[in-house]
Each structure stands twice: as C-alpha cells, then as structure tokens.
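The values are calculated or read from the model by the stated rules, or taken from the named source; none is laboratory data. What you see is a predicted model; the values in this text were computed from it and never measured. Reconstructed Cβ throughout: ideal geometry from the backbone, glycine too, with neighbour counts over all protein chains shown.
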Amino acid sequence: MNDRMTLAAAALLSLSLLAPAPGASAGADDGLYRDLGGKQGIRNIVATLIPMVLADARIKDSFADSDMQHVGKRLEEQLCALAGGPCTYGGEPMKESHGGLKITNAQFNALTEDLQLAMEQHGVANAAGNRLVAKLAPMQREIVTK
Ligand code: HEM
C-alpha cells in the first residue's frame, strides 16, 4: 500500500468509527434506558409511581381533575426518551401542562422522591436513578411556578 492509500484507508476507518452504528439514532446513549429495564421497566416504574402520587398528601390534590392514564402514558414516553430509549414524547411542553398549577419546589421534590422510591421498588440501581433525576432537574424551572 502506498502512502496515499494508507492515508485514505485511515480516513475511511476514522469516519466509520465516528459514524453511529446502523439503526442507532445519532449520538443516542441508551445505557440509562437499559438500566431502567427498557420499555417494560419504565412501564412498571410509572405504574407504581401513579398510585404513589395519588396517595401522597403533598401533591395528590394537584391531580384531582387529571386523567391519570393519560399522564402515565405521557410520562412513560418522556422518561423513555430522556433515558435515551426509542420513544418520542408526544405530550405538551412542561410549561404548558404545569403552568396553571402553582406547583412549589417542595412539591417538585416530593414527586421526585416518589419516583426514586418507585425505581428502588423495581430494582433500579441508585446511580441509575440519580442519573434519571439529574435529567429531570432542568424541568424544575418550567414546572415550578410558585
Ligand atoms: C419531575 C417532575 C415532573 C415531570 C417529569 C412531569 C411530567 C408530566 C407529564 C409528561 C405530563 C403530561 C403532559 C401532557 O398531558 O401532555 C404531566 C402532567 C401533569 N403534571 Fe407533571 N411532571 C412533573 C412534576 C409535577 C408535579 C410536582 C406536579 C404537581 C404537584 C405535577 C402535576 C401534573 C398534573 C396535574 C398534570 C396533568 C395536567 C392535566 O390534567 O392536563 N407534575 N406531568
């Protein structure tokens, strides 16, 4: 192989190393999605979370007029997408769905706590749970309005 060919081969090799694997969405890292147990794992976590939220005196009143089946479905999609899974969030932006609810920081933290308990109950490692919570943190600005 002459030098030029070696260079071309090296360039091609580095390009193929940089390119995402076929079928992967660009830049996606689905490690957290897998740590949550994939789609079924997330479904189980949300199925545990919803009744927990509805029994939590700190936040249950906010959900009095809501269709919890709908909220659960949207939450599944959102957590899946945030964790790098193959889902698209089809709900409202957080500012719109929460804007009128006068949610406090304490209530945001209460729901986060419930989510962490639900993840624990489904055997999600603490480190993975913390990674998901870290991804939710930027939403606090949009959800908390009081
Ligand atoms: C990590 C924090 C939170 C996340 C990720 C989250 C996520 C979501 C999602 C995905 C929806 C569905 C939006 C749609 O219908 O398109 C929703 C709706 C809702 N959320 Fe949250 N939420 C959070 C915190 C809270 C807190 C702290 C409260 C109240 C204490 C709350 C109250 C509600 C209510 C009442 C609805 C339904 C609104 C309606 O009926 O239209 N959320 N949330």
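Listed values, structure above:
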quantity	calculated
Qualifying residue in the stretch 53-64 (condition: within 16 Å of the ligand (Cβ to nearest atom), at pLDDT 95 or above and acidic (Asp, Glu))	yes
The stretch 71-83, residues that are in a helix (DSSP H, G or I) and in contact (Cβ under 8 Å) with a residue 12 or more places away in the chain	71, 72, 74, 75, 76, 77, 78, 79, 80, 82
Any hit, the stretch 74-97, residues being within 30 Å of residue 146 (Cβ to Cβ), exposed (fewer than 11 other Cβ atoms within 10 Å of the Cβ) and either touching a Gly at 6+ places or on another chain (Cβ under 6 Å) or at pLDDT 95 or above (or both)	yes
Filtered residues of the stretch 88-133 (kept if among the small types (Gly, Ala, Ser), closer than 18 Å to residue 45 by Cα and near the ligand (Cβ under 9 Å from one of its atoms))	110
From 142, 120, 113, residue being surrounded by 14 or more Cβ atoms within 10 Å (Cβ to Cβ), of a type outside the set (Gly, Ala, Ser), free of Cβ contacts under 8 Å to residues at least 12 places away in the same chain and touching a Gly at 6+ places or on another chain (Cβ under 9 Å)	120
Every pair of residues 6+ apart whose Cβ atoms lie under 6 Å, when the first sits in the stretch 84-104 and is assigned to a loop (DSSP other than H, G, I, E, B) while the second is of a type in the set (Lys, Arg)	91/74; 102/146; 104/146
